[in-house]
Structure formats: C-alpha cells, structure tokens
1. Which of the listed residues, 27, 130, 237, is farthest toward the dipole's positive end in the range 10-247, when Lys, Arg count +1 and Asp, Glu count -1 at the beta-carbon?
2. Once a ≥ b ≥ c are taken as the square roots of the eigenvalues of the Cα gyration tensor of the range 1-131, is the result rounded (a/c under 1.5), prolate (a/b larger than b/c) or oblate (a/b not larger than b/c)?
3. Output needed: percent of Cα pairs per 10 Å distance bin for the range 99-138, bins running from 0 to the one holding the longest distance.
4. For residue 60, what residues show an amide H to amide H distance below 5 Å, using hydrogens built from the backbone and excluding near sequence neighbours?
5. Looking at the square roots a ≥ b ≥ c of the eigenvalues of the Cα gyration tensor of the range 10-247, which shape do they give, rounded for a/c under 1.5, prolate if a/b is larger than b/c, or oblate?
6. Only Lys, Arg, Asp and Glu count, each charged at its Cβ (+1, +1, -1, -1), so figure out the dipole size of the range 10-247 about its Cα centre, rounded to 20 debye.
7. Taking H as built 1.01 Å from N, whose amide H comes closer than 5 Å to the amide H of residue 244, not counting residues under 5 places away?
8. Can you give the helix-only mean residue ellipticity at 222 nm for the chain, where every DSSP H stretch with n ≥ 4 adds -39500 (n - 2.57) and the sum goes over all residues, rounded to the nearest 500 deg cm²/dmol?
Amino acid sequence: MDLFDLTGKVAVVTGGTRGIGMMIARGFLQAGARVYISSRKADAGDAAVAELSEFGTVVSIPADVSQEAECIRLAEEVGKREEQVHILVNNAGATWGEDLEKFPESAWDKVLDLNLKAPFFVTRAFLPLLEKGASHEDPARVINIGSIAGLQPSAARTYSYSTSKAAVHQLTRNLSKELAPRHITVNAVAPGPFESKMMAATLAAAGDEMAKRVPLGRIGRPDDMAGIAVFLSSRAGSYLTGTIIPVDGGIAT
Ligand SMILES: NC(=O)c1ccc[n+]([C@@H]2O[C@H](COP(=O)([O-])OP(=O)(O)OC[C@H]3O[C@@H](n4cnc5c(N)ncnc54)[C@H](OP(=O)(O)O)[C@@H]3O)[C@@H](O)[C@H]2O)c1
C-alpha cells in the first residue's frame, strides 16, 4: 500500500467542496494527505470541511479562480500555511447548454475563464510552492480535470464546454513538456458521467439510459475518481506526464 501512500503530502483541490473535487479530496485524505479545498462560497467550504474532517486534516480557502488575482491570492493563502505543495488539482469547472442560434457570448467567457484560463493561472500561481515540493525522485503533480466531452464530439449543445475541455487537454500536454525539467508532472483526467450538481439534471432525466450506453454499464462512483487521483499523485504515478486518462467506463473507446 506504500505505493499509494500520500502521508505528509500537501494537496490543493479547486472546486473541492462538492462533486468530483470532493471525491478527490476524500481520496487524498484517506491516503494520508493534508488537503486544501477551494471554491467561491465560504459556506459550501465550511460544509465540505465538516463532512470531510473525519478522514483527515482539511482546510477551506474560498476563491473565485476564474479571475487571475484570485488564483494568486489562493496560492498566497496556502503559502502562509505551508512551505510546499505536492499536488494541485485543477478541478473547478462549469458548463452551459443552449441551442446554437441562441448560445450567448457570455457563455463563452464564463466557461473559458473557469475551465481553461483558471488551470493555467492557478498552476502558474502555485509553481513556486510546487517546485519546493518537487524532486527528481518524487515529482510534484498537477492534475487537470478535463472531460470525455473534450475527446469526442457529442450532440450536447455545450459548445464552449467541450471546446474548453479539448483545450485543457492540450494545455496539459504543453505544460507537461515545459514543467518536466522542473520535476512537475502534468496529467489530465477525462471523466465520463459522475454524479454531481453539474450532472444532476442530466442524470435525473436520462441517468438509466446513460448508464446503459456506458460499456461497463454504470455511472462513475466516488472511488473511481479518488482512485485515479491517488494513483497519479502517489509513488505509483510518478513516471506519467502529459497523459489524458479517460475514466469513463469505456465510453471514449
Ligand atoms: N460530473 C461529471 O459527470 C463530469 C464529467 C466530466 C468532467 N467533469 C468535470 O469535473 C469538474 C467538476 O465537476 P462537477 O461535476 O463536480 O461539478 P459541480 O458539482 O458543479 O462542482 C463544481 C465545483 O467548482 C466550484 N466552482 C464553480 N465555479 C467556481 C469558480 N469560479 N471559482 C472556484 N470554484 C468554482 C463549485 O463551488 P462554488 O459554487 O462554491 O464555487 C464546486 O465546488 C469540472 O471541471 C467538470 O467539467 C465532470
């Protein structure tokens, strides 16, 4: 189990207050890491801390990472408490669905600011702390949460969302090249359908149909997401960088 142990590691998860981010935060805590979760709403952060505390040390620092100044402030706040960061998960994300003819410009700005620009600016803001937590033998880890929507076209009218996810996959590849000599790995996880607020309406309307179309026959579970994040963050995952890993029950293939 030492291969997957995160004892002594410091992890930051944006959007860690619910959904996929919370699944990952719980996995890190159970593997022994200290975890910082961040989202816009302080009360959501407090509620998540109350829920997660039974698994280990978790701290909420509210920030709106769709603005660069907030990305910098988040890194500063973590830097006041920790000398180094070993794991950064860029998970906070949003979607927008609308007919092509009605799709507003604001839906491009909102979704790209959060899903694409934030992973870039958060990663840049955390680089000094990540470099302090990195070594040749045990690199620091950046995990970007992409989506299978960025791997294959779909009929969903989420134009800016799927584009943002394909772009975040490419950003992952680019940053992995640049940061490898600095002993930082950068990988992306591309989830299929998982239960969350973002997916609640879709799953309520067509969850059973959706599960039937998944080759493995079900929606993703919290452990499926915790598992890949712990793998990528632990000694087990130290020789991967620049990969885009679908965690989707086989949909993307
Ligand atoms: N669920 C799925 O099936 C699925 C599939 C593929 C990919 N994904 C990806 O997985 C990630 C998480 O999605 P989810 O399904 O867990 O969604 P979710 O339940 O809506 O959670 C989104 C999280 O991001 C936070 N957030 C939203 N806007 C923010 C901002 N401007 N700054 C900081 N935090 C912000 C939210 O908290 P606040 O509202 O408090 O800010 C919340 O913690 C996203 O990148 C999504 O695209 C999800």
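1. The residue sitting farthest along the positive end of the dipole is 237.
2. prolate
3. For the range 99-138, the binned pair fractions read 24, 30, 22, 14, 9, 1 percent.
4. 37
5. Rounded.
6. Once rounded to the nearest 20, the dipole reads 420 debye.
7. Placed amide hydrogens put 188 under 5 Å from residue 244.
8. Estimated from H runs of four or more residues: -14000 deg cm²/dmol.
Values quoted throughout were computed directly from the atomic coordinates according to the rules given, and no laboratory measurement underlies them. On a predicted model such as this, the values are computed, not experimentally measured, just so you know. Counting neighbours? That spans all protein chains shown, and the Cβs are built from the backbone with ideal geometry, glycine included.
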